[in-house]
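A short write-up of the structure that comes next.
The values are calculated or read from the model by the stated rules, or taken from the named source; none is laboratory data. Remember, predicted model here, so these are calculated numbers, not experimental data. For neighbour counting, all protein chains shown are included, and Cβ atoms are generated from backbone atoms with ideal geometry for every residue, glycine included. Ligands, DNA and RNA are excluded from the accessible area calculation, which covers all protein heavy atoms including side chains. Shrake-Rupley method; radii C 1.70, N 1.55, O 1.52, S 1.80 Å.
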Amino acid sequence: MDTLCPFEHILPLCATLGDVLPIVAILIGFQVLVLRRPIANLRRVLAGMLLVLAGLAFFIQGLETALFPLGKLMAAQLTAPEFLVIDAEADSQSHWHAYFWLYLFAFSIGFATTIAEPSLIAVAIKANQVSAGAIDAWGLRIAVAIGVAVGIALGAYRIVSGTPLHYYIITGYVVVLIQTAFAPRSIVALAYDSGGVTTSTVTVPLVAALGLGLSSNIPGRNPMLDGFGLIAFASLFPIMSVMGYAQLSAFYTRLVQRRKAQPEDH
Amino acid sequence: MRSGPAPLKTLLWQAIRALLDSARDLAPIILVIAFFQLVVLRAPVPDFADLLLGTFLVLIGLTLFVQGLKLGLFPIGEAMAWDFARKGSLFWLLAFAFSLGFGTTVAEPALIAVAAEAAEVAARGGMIDAADEAKADYAEGLRLTVALAVGLAIVIGVLRILRGWPIQYLIIGGYLGVVIMTAFAPAEIIGIAYDSGGVTTSTITVPLVTALGVGLASSIEGRNPVTDGFGLIAFASLTPMIFVMGYGILI
């Protein structure tokens with residue numbers, strides 16, 4: 001392995017290749033054996049695949065050199081008992097203000113990692129293209145990021161307070177169902193998608209570190225049980241925020257139209 | 001009309017714009033980490049050189065990835081969707097959908113990590129034997145279960161696009177499935193099951209599957225690429241929850 005991948009410690013090209021290979025094999029297999037058609041612009045597509053491969057390798061290496069160690073250390077420090085002023089006698093909920101920085105961190109790291117998430121960038125580009133510009137790529141990404149931020153902050157609160165995960169998730173589903181009934185048709189599928197898209201390369205490692213830190217330091221929490229669930233929050237809340245964003249912009253458009261229509265009445 | 005390669009100046013300008021876009025995407029995460037390190041924790045930045053190098057690599061990587069997306073992943077996903085639509089064989093399209101879902105998930109590093117953790121939880125909870133072999137078997141089974149769930153999800157999602165079923169009924173059905181399974185699944189598995197929905201969709205799968213859905217919806221008459229083209233990822237994050245809880249009940 002070392003002779004095949006001599007620069008693996010500098011750039012994880014082989015590891016990335018391992019992730020990409022099954023996908024490429026499936027694509028080529030079906031293209032050659034089933035579709036039996038040449039790929040249009042083969043050289044362009046190949047160049048694009050190589051760029052994706054190299055780009056991901058650089059991206060992951062950079063994250064692991066710089067942002068992940070610092071972010072994980074930070075999650076550990078912010079959840080350390082000394083920082084949270086946990087003492088065994090006081091009940092942990094009575095001084096929730098000691099958790100202010102923790103919740104702020106949960107919120108901002110959720111927002112920031114989502115903005116940097118490559119798969120969300122991909123979906124936003126596609127949504128913008130397909131809707132002929134009606135869906136703004138930035139607006140969509142910010143809506144998703146706010147959803148993830150709220151989700152992670154609430155998920156952190158859940159671990160601190162020790163309430164059962166499924167209450168939150170099931171309530172979240174009910175809200176999503178109600179919103180679905182009122183949201184503009186064109187956003188529904190995209191909103192559902194954005195939930196799954198957000199939790200990927202950047203978000204998962206940092207959020208997992210936060211969940212692990214919290215559940216091992218808060219008295220009475222079991223890291224094996226309570227550490228999970230943050231990702232679920234991060235995939236549920238963007239569905240609400242994206243539909244909310246579409247509902248608000250539809251409402252705003254109606255308001256503007258009504259304002260425009262009014263002078264004619266008088 | 002000008003033909004031939006674009007002048008160097010234009011290319012350079014495009015490269016700078018792409019880099020600036022990536023810098024804008026990365027600014028929030030750098031600001032958040034800097035703020036908490038310097039203001040809240042009041043700690044010095046360890047290894048400033050490493051930090052700078054890493055940030056530079058992330059910037060280059062994101063820029064290359066986004067360019068590659070537009071050149072390679074999006075076009076091939078859409079082209080294959082059109083080719084399958086032209087071929088008109090439902091069987092092969094669904095076989096492709098299943099392989100794409102199963103194949104991209106089964107080797108997903110995030111899933112491998114989660115499956116190993118889940119085996120640990122199960123062993124501590126006394127659901128399985130604490131021996132390494134039992135844990136490896138459990139993790140392997142879980143991984144296959146999730147991959148199967150994602151493969152099936154893409155198949156259902158593709159069928160929905162072909163038939164034009166409204167997405168919300170399928171999603172509501174899925175949610176009901178999750179709620180019902182939650183009532184019966186062992187407590188240890190619920191957190192893992194809920195999380196497994198989020199970790200399955202990797203950075204390469206998402207653009208590819210999105211392009212496939214949008215391509216299919218555009219190639220079929222009467223389908224709207226916005227309303228019908230999206231939604232494949234949604235299924236791929238919903239079915240693993242149901243399947244993992246099912247796995248927890250059975251094992």
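Restricting attention to region B:36-43, does a residue exist that is within 7 Å of chain A (Cβ to nearest Cβ), assigned to a helix (DSSP H, G or I) and out of contact with any Leu (no Cβ under 8 Å at 6 or more places or on another chain)?
no
State whether the residues of region B:229-243 include one that is assigned to a helix (DSSP H, G or I) and surrounded by fewer than 18 Cβ atoms within 10 Å (Cβ to Cβ).
Checking region B:229-243: not a single residue is assigned to a helix (DSSP H, G or I) and surrounded by fewer than 18 Cβ atoms within 10 Å (Cβ to Cβ).
Would you please list the contacts, defined by Cβ atoms under 7 Å and residues six or more apart or on different chains, that run from a residue in region A:184-213 that is more than 16 Å from B:Phe235 (Cα to Cα) to a residue that is basic (Lys, Arg)?
Within 7 Å, the pairs are A:Leu206/A:Lys72; A:Ala209/A:Lys72.
Is it the case that region B:140-152 has a residue that's touching a residue at least 40 places away in the same chain (Cβ under 8 Å) and either open to solvent by 50 Å² or more (accessible area, probe 1.4 Å) or closer than 25 Å to A:Ala183 by Cβ (or both)?
Within region B:140-152, one or more residues are touching a residue at least 40 places away in the same chain (Cβ under 8 Å) and either open to solvent by 50 Å² or more (accessible area, probe 1.4 Å) or closer than 25 Å to A:Ala183 by Cβ (or both).
Does at least one position in region B:185-197 carry a residue that is within 30 Å of B:Leu64 (Cα to Cα), within 10 Å of chain A (Cβ to nearest Cβ), in contact with an Asp or Glu (Cβ under 6 Å, 6 or more places away or on another chain) and modelled with pLDDT under 90?
Within region B:185-197 (the criterion being within 30 Å of B:Leu64 (Cα to Cα), within 10 Å of chain A (Cβ to nearest Cβ), in contact with an Asp or Glu (Cβ under 6 Å, 6 or more places away or on another chain) and modelled with pLDDT under 90), the answer is no, since none of the residues qualifies.
Would you mind telling me which numbered condition in (1) surrounded by 24 or more Cβ atoms within 10 Å (Cβ to Cβ); (2) farther than 19 Å from A:Val123 by Cα; (3) at pLDDT 90 or above A:Phe182 fails?
(1)
Considering region A:153-164 alone, what residues qualify as being at pLDDT below 90 and either within 12 Å of A:Arg221 (Cβ to Cβ) or not assigned by the TED database to the domain that holds A:Ile231 (or both)?
Correct list: A:Ile159, A:Val160, A:Ser161, A:Gly162, A:Thr163.
Quick one: is B:Thr182 assigned to a helix (DSSP H, G or I), surrounded by fewer than 24 Cβ atoms within 10 Å (Cβ to Cβ) and either of a type outside the set (Phe, Trp, Tyr) or at positive phi (or both)? It would help to see each step written out before you state the result.
On the way: assigned to a helix (DSSP H, G or I): yes; surrounded by fewer than 24 Cβ atoms within 10 Å (Cβ to Cβ): yes; either of a type outside the set (Phe, Trp, Tyr) or at positive phi (or both): yes.
Against the criterion (assigned to a helix (DSSP H, G or I), surrounded by fewer than 24 Cβ atoms within 10 Å (Cβ to Cβ) and either of a type outside the set (Phe, Trp, Tyr) or at positive phi (or both)), B:Thr182 qualifies.
Which residue out of A:Phe233, A:Phe251, A:Phe228 is of a type in the set (Phe, Trp, Tyr), assigned by the TED database to the domain that holds A:Thr113 and surrounded by fewer than 23 Cβ atoms within 10 Å (Cβ to Cβ)?
A:Phe251
Counting just the residues of region A:102-134 that are aromatic (Phe, Trp, Tyr) and within 9 Å of chain B (Cβ to nearest Cβ), which one comes out surrounded by the fewest Cβ atoms within 10 Å (Cβ to Cβ)? Let's see the steps before the verdict.
Kept after step one, since they are aromatic (Phe, Trp, Tyr), are these residues of region A:102-134: A:103, A:105, A:107, A:111.
Narrowing the set further to residues that are within 9 Å of chain B (Cβ to nearest Cβ) leaves A:105, A:111.
Numbers: A:Phe105: 27, A:Phe111: 22.
The selected residue is A:Phe111.
Assuming A:Leu154 fulfils every condition listed in (1) part of a helix (DSSP H, G or I); (2) touching a helix residue (DSSP H, G or I) at 6+ places or on another chain (Cβ under 9 Å); (3) under 23 Å from B:Phe235 (Cα atoms) apart from one, which condition is it?
(3)
Of the conditions (1) assigned to a helix (DSSP H, G or I); (2) open to solvent by 20 Å² or more (accessible area, probe 1.4 Å), B:Ala81 satisfies every one except a single condition; which number is it?
(2)
Name, by its number, the condition in (1) open to solvent by 50 Å² or more (accessible area, probe 1.4 Å); (2) of a type outside the set (Asp, Glu); (3) modelled with pLDDT of 85 or more that does not hold for A:Gln93.
Single failed check for A:Gln93: (3).
If you take the residues of region A:222-239 that are in a loop (DSSP other than H, G, I, E, B) and facing chain B (nearest Cβ under 7 Å), which of them is modelled with the highest pLDDT? Show your work before the answer.
So in region A:222-239, the residues in a loop (DSSP other than H, G, I, E, B) come out as A:222, A:227-229.
Add one more test, that the residue is facing chain B (nearest Cβ under 7 Å), and what stays is A:228-229.
Working: A:Phe228: 77, A:Gly229: 83.
Filtering region A:222-239 for residues that are in a loop (DSSP other than H, G, I, E, B) and facing chain B (nearest Cβ under 7 Å), the one modelled with the highest pLDDT comes out as A:Gly229.
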